[in-house]
Structures are given as structure tokens and as C-alpha cells.
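For reference, the structure is listed below as C-alpha cells.
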Amino acid sequence: MSTQSGETAAFSGHSYSLENDRRTVFIALTVISLVGTVLFFLIRKPDPENVLGEEESCDDQDMEATESAQNNMTKAVDAFKKSLKLCVTKEMLLLSVTTAYTGLELTFFSGVYGTCIGAVNKFGTEEKSLIGLSGIFIGIGEILGGSLFGLLSKNNRFGRNPVVLLGTLVHFVAFYLIFLNMPGDAPIAPVEGTDSSAYIRPSKEVAILCSFLLGLGDSCFNTQLLSILGFLYSEDSAPAFAVFKFVQSICAAVAFFYSNYLLLHWQLLVMVIFGFFGTISFFTVEWDAAAIVARGSDYRSI
């Protein structure tokens, strides 16, 4: 009896420690996203006068450096105001839905899915080694998609929508296979793992295939999001990318927080909903992109 009580106390202490670690990481991710956004605000385009300044004397360079340091705060405030103004534009609001989806699925494939694989006892003694293999295949999918769609974007007559649609379909197939292959309690399973059954017998091959599909689909979204942001806001790219990273990081932190409480099928449902509406939002912006640029500088320079 005393032995069982000791084991229960040890398990409770370990669970409490894991919960504290999770909260610490959640707070750290949120703070890092805020700091990263502020650093993006400090990015400014190089001035042609700076090129001429290289030919000036050292005293002039020191004076310019001093003046630049004094103006950094002003520039940051101006960039912050531009970002706030950019946030309320129709195009950025629509793209924020797509960006939010990339943040949610970033947390899923970079942390939650590996946890699910390691928690399935029916994978046998190789369950832990599958986590590393899953990460490798996620990376392969990212590299393949990034290089392929990055090159195609230079000579793509059909626009960005087909690539985003491909990413959506790839992710939805991966989510469906994960739903069939993984037990629902895998994300919240104890340290000992779970013996619960999925809809099919857990397959290592299917698990690794889903890892590849998650990486491939993520590369589809990220390459096209970066492309359309650079296209729409070419003259004020720093504030635009600051908003992009801010929304993505906040959503990734939120997903990290709820991943310890929701069953797998609920987490997949959240991503399917955001993925669907994020795709529709991206399509809307892409269809209007040519008209936006044709109207002039009202969005390219805010």
C-alpha cells in the first residue's frame, strides 16, 4: 500500500513539474514573439545617402551613427504606427486568418505530433526512435516543398492559389490519416504512454508518411504567404512581416497551451476549420492582388 502511495505521489509530482514547464515555455514563446515583433519594427530600408556616406570622413560617420542611434526610437514608433495601420486593412485581416493557421499547425507538427507518436505503446519498442524519424521526414517535406514551390513561383502563370490549395489538400489528407492512425488521448497521455485503440491498427509507415505530408503542406503555405506579402507591401515589407510573425507566433503559443488539454480529434478539428477559412481568405486576397497593385501606392506604401 505504501509503495502504491509513493508511486502515486511521484507521478503527481512529475505531472506538476511538466505542467510548470509547459507554462514556462508558453510564457517564453509569447514574450519572444513580442520581442521579435519589436525588433522587426527597427528594420529599415537602406538609404542611398548611406552609400555616399562611406566615402566621408570618420568624424562624419561617427556623427551619422550618433544621429542614427538617437532616431532609432522614433523610427520604431513610426514603424509601429505603420503596422497598426496595416493591421486594419482588408487584405492583412484576411491574410491573418491564413497566418493564424500556419501558427497552429506549426505547433502541431513541431511538438504535438511527435508527442503522439511517442505515446502510442502499440508501436512497440521503436516508438521513441520514431519521433526522430518523424522530424527528419517533416524536414524533408519542408525542403522539397520550399525548393520546388520557391522555384516555380518565379515562372508561375497560375498564381499562388494552386500551391495553397495543394497545401490544404495535403494537410487535410494528413489530418485524416492521423485521425485514423492515432488514439484520441495520445496528446494528453501520461508518461507511460497509452494503450488505447485508434480506428485502424497504428502503423509506423502511415505515421512517417503523415510527417512528410505535414512538412510539405507547411512549405506550401509559408512560401506563398511570404510571396504575397512581399508583392503587396514591397515598399513597407518590414511592418508587414512583423505583423505576419506576430500573428503566427501568438497562435503557435496558444496552440501550445491548449495542446495539453484537448484530445487529438479536437485539435485536428480546430486546424481543419482554420485551414479551410485560411485558404478561402488567401484566395480572396490573391484574386484582388493585381487590382490592388494597379490602384497605386495605397497598399504598397502605408
Could you list, ordered by first residue, the pairs with Cβ atoms under 8 Å in which the first is in the range 192-218 and assigned to a loop (DSSP other than H, G, I, E, B) and the second is among the small types (Gly, Ala, Ser) and open to solvent by less than 20 Å² (accessible area, probe 1.4 Å), at least 6 apart or interchain?
193/118; 193/119; 196/186
Just to verify a result, which residue in the range 212-241, among those that are among the polar types (S, T, N, Q) and open to solvent by 10 Å² or more (accessible area, probe 1.4 Å), is nearest to residue 124 (Cα to Cα)?
222
Find the residue count for the range 180-211, including only residues that are buried (at least 18 other Cβ atoms within 10 Å of the Cβ) and either acidic (Asp, Glu) or under 21 Å from residue 103 (Cβ atoms) (or both).
3
Got a number for residues in the range 203-224 being of a type in the set (Asp, Glu) and more than 19 Å from residue 165 (Cα to Cα)?
1
Show me the helices (runs of 4 or more DSSP H) found entirely inside the range 71-187 where at least 1 residues are out of contact with any Pro (no Cβ under 9 Å at 6 or more places or on another chain) and within 27 Å of residue 237 (Cβ to Cβ).
90-107, 127-152, 161-181
For the range 242-268, which positions are among the aliphatic types (A, V, I, L, M) and either open to solvent by 60 Å² or more (accessible area, probe 1.4 Å) or outside any helix (DSSP H, G or I) (or both)?
254, 262, 263
Taking only pairs six or more apart or across chains, which ones have beta-carbon atoms under 8 Å, a first residue in the range 132-151 that is within 10 Å of residue 212 (Cα to Cα) and in contact (Cβ under 8 Å) with a residue 60 or more places away in the chain, and a second residue that is among the hydrophobic types (A, V, I, L, M, F, W, C) and loosely packed, with under 14 Cβ neighbours inside 10 Å?
none
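The values are calculated or read from the model by the stated rules, or taken from the named source; none is laboratory data. Since the structure is predicted, the reported quantities are computational estimates derived from the model, not experimental observations. Positions of Cβ are backbone-derived with ideal geometry, glycine not excepted, and every protein chain shown enters the neighbour counts. For accessibility, only protein heavy atoms count, side chains too; no ligands or nucleic acids. Shrake-Rupley method; radii C 1.70, N 1.55, O 1.52, S 1.80 Å.
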